[in-house]
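Peer 1: Would you mind keeping the following structure in view while I ask a few things?
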Amino acid sequence: QFTTRVVSCRAAELRPEGGGEPVRGFQVVLEDTILFPEGGGQPDDRGLIGDVPVLRVTRRGAEAVHFVPAALEPGTEVQLSLDWERRFDHMQQHSGQHLISAIAEQMFGFKTTSWELGRQRSVIELDTPLVTAEQVEALEKSVNEKIRDRVPVTVRELAADDPEVETVRSRGLPDDHVGPVRVVDIKDIDSNLCCGTHVSNLSDLQVIKLLGVEKGKKNKTNLVFLVGNRVLKSIEQSHSTEKALTSLLKNGPGEHVEAVKRLQSSVKLLQKNNLNLLRDIAVLIARDFKSKPAPKQLFVLHRKEGDSEFMNIIANEIGTEETLLFLTVGDEKEAGLFLLAGPVETVENLGPRVAELLGGKGAGKRGRFQGKAAKMSRRGEVQALLQEFISHQNPGA
């Protein structure tokens, strides 16, 4: 917690990180702050100004701008509270990144070109097209040895024109930077120009887990990692999943993969048998219709189980030169599929109207119009439309 004073407050809008409508609120500048504004690959802090939540902290020149949902009176003394759980998580991930980047360069000459502190996992972009599994394993072992060595992490400030600035690892200063520069030192391992928040000793990182590598852009490789509490949370999630699978599959964790493979094979066989049965049913339905002494000009059918192939087999078997077919499959309370088949001109005329009535979309060619339907319960309206059309075409029918 920290006591400070409100300098300015002005109306503004905030665009949510996940997208959506802008949130109306206020941009507040304080005399000083303990909340970190987003930058350097690290997300911003969260907290409270009094009892007003801080929804975002950004940097504007040398100022930290706090976005809040309620106005604060300039000149008012306020107490600032920090969301420590979020801050400590970011400290662990950021110091972990410094350590991984430094050791990766020392061991293999892999330079870090950028990094991202994500919500679930973090990623370091390495300037190399390939990182082997053996290198990942050796790197993970080395960084965890440094954690066990309890190496101190310190922060110092240098003048921007100090020659020592040129000797520390850096990706450059922002164009609007003013004042001294900040150097984060991991004793005997790394010196890095950095504005972010860090632990004071590598032992605070607890553990680092390298999850592997992914192909990056422009011949680079992305190294995915977790640090500290995120490793513990990941293990807890994995353990919960393992327990659930053990209960469902009725075997131990070591047999889960083989059990799922067997289930997949069974499902594929059942799906194949089901498709064959649906095809047979479609043929029987069509033959039953054709066997009647005086086939109707309109054939309507709805079936809960089925697919596009099922409907097209029926249309093929019945023939669409003289008969207009309206077929649907799916649950009445959910989305489904429809097929209108018949004389080309009739289908071209009625297809879009059928799709509109069913609240869906479709496309057609050569006497077939098919698509998805959102309002399966309106099938009766479609049938009435088709019967009315046939009546007008054939007044004596």
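The values are calculated or read from the model by the stated rules, or taken from the named source; none is laboratory data. Quick caveat, the model's predicted, so the values are computed rather than measured. Cβ: placed from backbone, ideal geometry, glycine included. Neighbour counts: every protein chain shown. Note: areas computed on protein heavy atoms with side chains; ligands, DNA, RNA excluded. Shrake-Rupley method; radii C 1.70, N 1.55, O 1.52, S 1.80 Å.
Peer 1: Return the sequence-ordered ³J(HN,Hα) values of the range 31-39 in whole Hz as given by the Karplus equation 6.51 cos²θ - 1.76 cosθ + 1.60 applied to θ = phi - 60°, using x for Gly and Pro.
Peer 2: 4, 7, 8, 10, 9, 7, x, 4, x
Peer 1: With every atom except the alpha carbons ignored, what do you get for Rg and Dmax of the range 277-393, in angstroms?
Peer 2: Rg then Dmax for the range 277-393, in Å: 13.0, 38.
Peer 1: Of Lys333/Lys372; Lys333/Lys361; Lys292/Lys375; Lys250/Lys272, which pairs sit farther than 20 Å apart, going by alpha carbon to alpha carbon?
Peer 2: Pairs exceeding 20 Å: Lys292/Lys375; Lys250/Lys272.
Peer 1: When the accessible area of the chain is split by element with a 1.4 Å probe, what percent falls to carbon and sulfur?
Peer 2: That share works out to 50 percent.
Peer 1: Rounded to whole Hz and in sequence order, give me ³J(HN,Hα) for the range 97-102 from the Karplus expression 6.51 cos²θ - 1.76 cosθ + 1.60, θ = phi - 60°, writing x for Gly and Pro.
Peer 2: 3J(HN,Hα) across the range 97-102, in whole Hz: 4, 4, 5, 4, 4, 5.
Peer 1: In a shell of Cβ-Cβ distance under 12 Å around Val382, excluding Val382 itself, what net charge do Lys and Arg (+1) and Asp and Glu (-1) give?
Peer 2: Spelling it out: positives minus negatives among the neighbours equals +1.
Peer 1: Evaluate the Debye formula for the chain with equal point scatterers sitting on the alpha carbons, no solvent, and hand back log10 of I(q)/I(0) at q = 0.10 Å⁻¹, in q order, two decimals.
Peer 2: -0.85
Peer 1: For Gly342, which sequence-distant residues (separation of 5 or more, or a different chain) have an amide H within less than 5 Å of its own amide H, given hydrogens modelled in the peptide plane?
Peer 2: Under 5 Å from the amide H of Gly342 lie the amide H atoms of Leu325, each far enough along the sequence or on another chain.
Peer 1: Shifting gears a bit: Rounded to whole Hz and in sequence order, give me ³J(HN,Hα) for the range 191-199 from the Karplus expression 6.51 cos²θ - 1.76 cosθ + 1.60, θ = phi - 60°, writing x for Gly and Pro.
Peer 2: Listing the rounded values in order: 10, 9, 5, 7, 9, x, 9, 9, 6 Hz.
Peer 1: Which number comes out as Rg/Rh for the range 87-236 once both Rg and the Kirkwood Rh are worked out on C-alpha atoms?
Peer 2: Using Cα coordinates only, the ratio equals 0.96.
Peer 1: Which one, Gln370, Asn316, Gly380, is farthest towards the positive end of the dipole of the range 311-397 when Lys and Arg carry +1 and Asp and Glu -1 on their Cβ?
Peer 2: Of the candidates, Gln370 comes out farthest on the positive side.
Peer 1: Using modelled backbone amide H atoms (1.01 Å from N, in-plane), which distant-in-sequence or interchain residues come within less than 5 Å of Leu211's amide H?
Peer 2: Those qualifying (amide H under 5 Å, at least 5 residues apart or on another chain) are Val224, Phe225, Leu226.
Peer 1: What aspartates and glutamates sit close enough to Lys217 to cross-link, taking a C-alpha to C-alpha distance under 20 Å and skipping anything fewer than 8 places away on the same chain?
Peer 2: Qualifying aspartates and glutamates at Cα under 20 Å: Glu105, Glu116, Glu125, Asp127.
Peer 1: Amide H neighbours of Val151 under 5 Å, counting only residues 5+ apart in sequence or on other chains, H built in-plane at 1.01 Å?
Peer 2: Leu202, Ser203
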